[in-house]
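> Can you read through this structure? Questions will come right after.
The values are calculated or read from the model by the stated rules, or taken from the named source; none is laboratory data. These numbers come from a predicted model, not from an experiment. Note: ideal-geometry Cβ built from the backbone for every residue, glycine included; neighbour counts use all protein chains shown.
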Amino acid sequence: MNTKGTIYGVGLGPGATDLLSMRAYKLVCEARHIAFFKKAGRVGHAWQIASPLLSKNVTEFPMEYPITTEISVSDPRYNKILSDFYKECCEHILSLSHSGKDVVILCEGDPFFYGSFMHIYSRVKDKCPVEIVPAITGMSAAWAATKVPISWGDDILTILMGTLDAAILENQLRDTDAAVIMKIGRYLPKIKQALKKTRRFDDAFIVEYAAMAKQRALPLSDYGAEHAPYFSIIILHGKGRRP
Ligand SMILES: C[S@@+](CC[C@H](N)C(=O)[O-])C[C@H]1O[C@@H](n2cnc3c(N)ncnc32)[C@H](O)[C@@H]1O
């Protein structure tokens, strides 16, 4: 009887190949089948991180998002288009596993931290063996880039998405010591407004492309751009108990 191949959700870290764990490094170097998400017309960020390590004989399964920001998440078509897409991706990945092949799914950052991999995971986890390889998240690289520690003593650290409603952002910012705001992009003006209303703006840093060649970290008050790139994070450092 055919033994099912294992699906590996491999975290690649924030964007530098030398920030991979040794486990991820070995799996990527030895992979015969890889899968990764990408936007149309791009090579895929996860692929880019892993590419120096991939074997020449590797078989690639690029999973190209049918939509990204063209349709609002509140539009009923959004869920249907994406769930059909994930279903198709899973059918292919499961067919590889069921024919005994291991598949390494390349994931930017940590696979279980706000990543698309989780949509594959939830659909395949009861149908084949799955292993998760944890990794350094983008936010760890971002606060390292600011050269200021993120959380001290019993500081509360809150992780927020720029896509949240302004009122939720404000309430959360009022209630926390330290904060990380991800998915900034075109939501930057709304986030800045929430930071100003809660008197946190002057303490905020923005980091673009953490751990990548074009990394940039600066106080948000010095950031002139109207919108931020997809790979950017706002950091509010905690100031808690210090002996
Ligand atoms: C879909 S989430 C993926 C998070 C990822 N799984 C992780 O562990 O960090 C994408 C968001 O993460 C943030 N991000 C991830 N890596 C980053 C990096 N190297 N530099 C800046 N932002 C990053 C950005 O805010 C981006 O919009």
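> Return yes when I150 is surrounded by 20 or more Cβ atoms within 10 Å (Cβ to Cβ), modelled with pLDDT of 95 or more and not in a helix (DSSP H, G or I) and no when it is not.
Here the answer is yes, as I150 does meet what is asked.
> Give me the strands (runs of 3 or more DSSP E) completely within the stretch 1-92, filtered to those with at least 1 residues that are in contact with an Asp or Glu (Cβ under 8 Å, 6 or more places away or on another chain) and over 25 Å from R186 (Cα atoms), ordered by residue number.
7-11, 33-38
> A follow-up question, please. Taking the stretch 192-243, which residues are surrounded by 17 or more Cβ atoms within 10 Å (Cβ to Cβ), in a loop (DSSP other than H, G, I, E, B) and charged (D, E, K, R)?
Correct list: R200 only.
> I'd like the full set of residues that are assigned to a helix (DSSP H, G or I), away from the ligand (no atom under 15 Å from the Cβ) and closer than 18 Å to P219 by Cβ, limited to the stretch 170-191.
Answer for the stretch 170-191, where residues must be assigned to a helix (DSSP H, G or I), away from the ligand (no atom under 15 Å from the Cβ) and closer than 18 Å to P219 by Cβ: L173, P189.
> Something else now. Which residues, counting only those in the stretch 105-137, are away from the ligand (no atom under 16 Å from the Cβ) and outside any helix (DSSP H, G or I)?
The answer is K125, D126, K127, C128, P129, V130, E131.
> Being at pLDDT 95 or above and of a type in the set (G, A, S) is true for just one of S99, S83, S72. Which residue is that?
S99
> If you scan the stretch 78-96, which residues turn out to be among the hydrophobic types (A, V, I, L, M, F, W, C) and either in contact with a Lys or Arg (Cβ under 9 Å, 6 or more places away or on another chain) or within 15 Å of D126 (Cβ to Cβ) (or both)?
Residues satisfying the conditions are C89, C90, I93, L94.
> Within the stretch 195-218, which residues are more than 16 Å from the ligand (Cβ to nearest atom) and not β-branched (V, I, T)?
The answer is K196, K197, R199, R200, F201, D202, D203.
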